[in-house]
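Take a look at the structure below.
The values are calculated or read from the model by the stated rules, or taken from the named source; none is laboratory data. Just so it is clear, the structure is predicted and the values come from calculations on it, not from any experiment. Here Cβ is always computed from backbone atoms with ideal geometry, including for glycine, and neighbour counts include all displayed protein chains.
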Amino acid sequence: MSPLPDNLKVGIDSIDQRHEEFYTLFEVLKKAGDGEFLEAFDAVILHTQGHFSEEEADMEKIVYPNKAEHIQEHKKALEEMNYFREKASSGKLMFAKAYVKDRLGDWFRNHLLNMDSDLARVINKSSY
């Protein structure tokens, strides 16, 4: 059974697999104690970098009209994650934990349901 809720699946196996991996790592990060938080955050960031690269490669294979906006959102999300990762490593762990608890999950859900669902729709129409 997949840890990714069915309502968050876009119907393209490669994309759903990446989302499932993010979701699993995110769940570990949310539950991480102080001693495990940085390592868990690093795992989320590392996965996200690869995830976005693969997704952007998918966009290159089709004519995707929202490519620039989608890539910009990826860039902004990674910048934000790295910002809070730096805060955590400089002693502001609770600040970073609040970001993870209050914002990162909502961002993922909204990005997936809006931008990634749109990408999946275009991929499906293109017979990719």
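Under the condition of being of a type in the set (Phe, Trp, Tyr) and surrounded by 15 or more Cβ atoms within 10 Å (Cβ to Cβ), which residue from region 95-128 is farthest from the chain's Cα centre (by Cα)?
It comes out as Tyr99.
Quick one: which residue in Met59, Met94, Met115 is farther than 26 Å from Gly11 by Cβ, assigned to a helix (DSSP H, G or I) and hydrophobic (A, V, I, L, M, F, W, C)? Talk me through it step by step, then tell me what you get.
Numbers: Met59 fails: farther than 26 Å from Gly11 by Cβ; Met115 fails: farther than 26 Å from Gly11 by Cβ.
Step by step, each of Met59, Met94, Met115 is checked, and only Met94 is farther than 26 Å from Gly11 by Cβ, assigned to a helix (DSSP H, G or I) and hydrophobic (A, V, I, L, M, F, W, C).
Do we have Val28 as at pLDDT 95 or above, at negative phi, surrounded by fewer than 18 Cβ atoms within 10 Å (Cβ to Cβ) and part of a helix (DSSP H, G or I) here? Even if it seems obvious, please write down each step before you answer.
On the way: at pLDDT 95 or above: yes; at negative phi: yes; surrounded by fewer than 18 Cβ atoms within 10 Å (Cβ to Cβ): yes; part of a helix (DSSP H, G or I): yes.
Considered against the rule, which asks whether it is at pLDDT 95 or above, at negative phi, surrounded by fewer than 18 Cβ atoms within 10 Å (Cβ to Cβ) and part of a helix (DSSP H, G or I), Val28 comes out as yes.
Quick check, is Leu8 at pLDDT below 95 and touching a Leu at 6+ places or on another chain (Cβ under 6 Å)?
Yes.
What single numbered condition from (1) in contact with a Ser or Thr (Cβ under 9 Å, 6 or more places away or on another chain); (2) under 15 Å from Ala77 (Cβ atoms); (3) among the aliphatic types (A, V, I, L, M); (4) touching a residue at least 60 places away in the same chain (Cβ under 8 Å) fails to hold for Ile62?
The single condition Ile62 does not satisfy is (2).
Could we say that Asp34 is modelled with pLDDT under 95 and in contact with a helix residue (DSSP H, G or I) (Cβ under 8 Å, 6 or more places away or on another chain) here?
Values: modelled with pLDDT under 95: no; in contact with a helix residue (DSSP H, G or I) (Cβ under 8 Å, 6 or more places away or on another chain): yes.
When the stated conditions are applied, Asp34 does not pass them.
Applying the selection to region 61-92, what residues are over 15 Å from the mean Cα position of the chain (by Cα), aliphatic (A, V, I, L, M) and more than 18 Å from Phe26 (Cβ to Cβ)?
Ile62, Val63, Ala68
Please indicate, with yes or no, whether at least one residue in region 12-35 is of a type in the set (D, E, K, R) and touching a residue at least 40 places away in the same chain (Cβ under 8 Å). Talk me through it step by step, then tell me what you get.
Narrowing region 12-35 to residues of a type in the set (D, E, K, R): 13, 16, 18, 20-21, 27, 30-31, 34.
Okay, now just the ones that are also touching a residue at least 40 places away in the same chain (Cβ under 8 Å), so 30, 34.
Yes, because at least one residue in region 12-35 is of a type in the set (D, E, K, R) and touching a residue at least 40 places away in the same chain (Cβ under 8 Å).
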